[in-house]
Amino acid sequence: MIHVKHHIILILSTLFFTVCGISQVYNTTVEAKIDLETIGGLIEIKGTAFNKTELSQSLRYVLSVIKKDPKYSNRSKNDQSGRFVLSPGQKKNLSLTTISVYDKDRIIILLLVYDFNDQLLGKDRIVINGNESDILAANKKNYNTTLISPDAKYEKDDGVVFRGIVIEDTKTKLGRDFYAMFYSSYQLNSINGHKIVTIKESLAIANNTKIEVMVDNTVIMEFLVRPHIEYLKTMKNEAIRRVYIRLKKLEQEKNIVKPF
């Protein structure tokens, strides 16, 4: 019996280190993200994935909602899964589910994204009605963790927050066409950034025009306009990718405490 226990411990230890080893590189090529929104008496849970690479990727996701009653230690788990393909720089909505905002159970929401060979590429984790020990435990496993208190679930109901603003400053039909393509993809990918994005067209060399893509008045991409729809689509995909990465970086920097 003792040998059996030692054998089980050895197996569990091996699995633990294997998972940790893989998790150290998550969200580098494909980013998994869980978005929450309060609608009436429900919390809408949406899983998304963003392809950070220049290649199309064939992927698989699992979105799990795990509930645990603190009084009776009852546990339930609901999984949603599926396969999908992401183009370069594309963000896609994967799954949508809802839970009650009045639910007092401890709820873990976990999103995992795997590649074609079932290697874990991206993951995100949110705990509702948890405590600080949830964050400490998650950090040991390198989870990208957010802890939501009961009051925080209503934070969007307290005021108006302006997000997802894209300003057009174009001069030609090609410039307007690029803006329309960019804005359509911006909305389709649910980027909804907290900084203003500007598409500005100005005169360049030899009566050509150039387009500058700006986030919060900082130019992150510029290119000469060419009268080819496929070229504009390629530039649009690259612009969406850069804007998304820039917005994510600004959000991360906002939470960093800088020394005096």
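Descending by average beta-carbon neighbour count within 10 Å, the peptides 168-176, 26-34 line up as 26-34, 168-176, the highest first. Here region 163-210 has 53 percent of its accessible surface on carbon and sulfur atoms, given a 1.4 Å probe and all protein chains in place.
Remark: region 161-232 carries 58 Å² of accessible area per residue (probe radius 1.4 Å; ligands, DNA and RNA excluded). The residues packed around T198, meaning those with a beta-carbon under 11 Å from its beta-carbon, carry a net charge of -3 if Lys and Arg are +1 and Asp and Glu are -1.
Each Lys or Arg adds one and each Asp or Glu subtracts one; over the other residues with Cβ under 15 Å from the Cβ of I211, this totals +2. Among the listed pairs K67/K91; K92/K210; K46/K236; K46/K92; K52/K200; K171/K233, those with a Cα-Cα distance over 20 Å are K67/K91; K92/K210; K46/K236; K52/K200. Our summary gives region 161-223 a relative contact order of 32 percent, counting only alpha carbon pairs under 8 angstrom and 6 or more residues apart. Considering only N208, Y231, S184, the residue lying farthest towards the positive end of the dipole of region 183-260 is S184, judged by Cα position with unit charges set on Cβ.
The values are calculated or read from the model by the stated rules, or taken from the named source; none is laboratory data. The structure presented is a predicted model; accordingly, all values stated were derived computationally and were not measured. All Cβ positions, glycine included, derive from the backbone under ideal geometry; neighbour counts span all protein chains shown. What goes into the accessible areas is simple: the full protein's heavy atoms, side chains included, and nothing from ligands, DNA or RNA. Shrake-Rupley method; radii C 1.70, N 1.55, O 1.52, S 1.80 Å.
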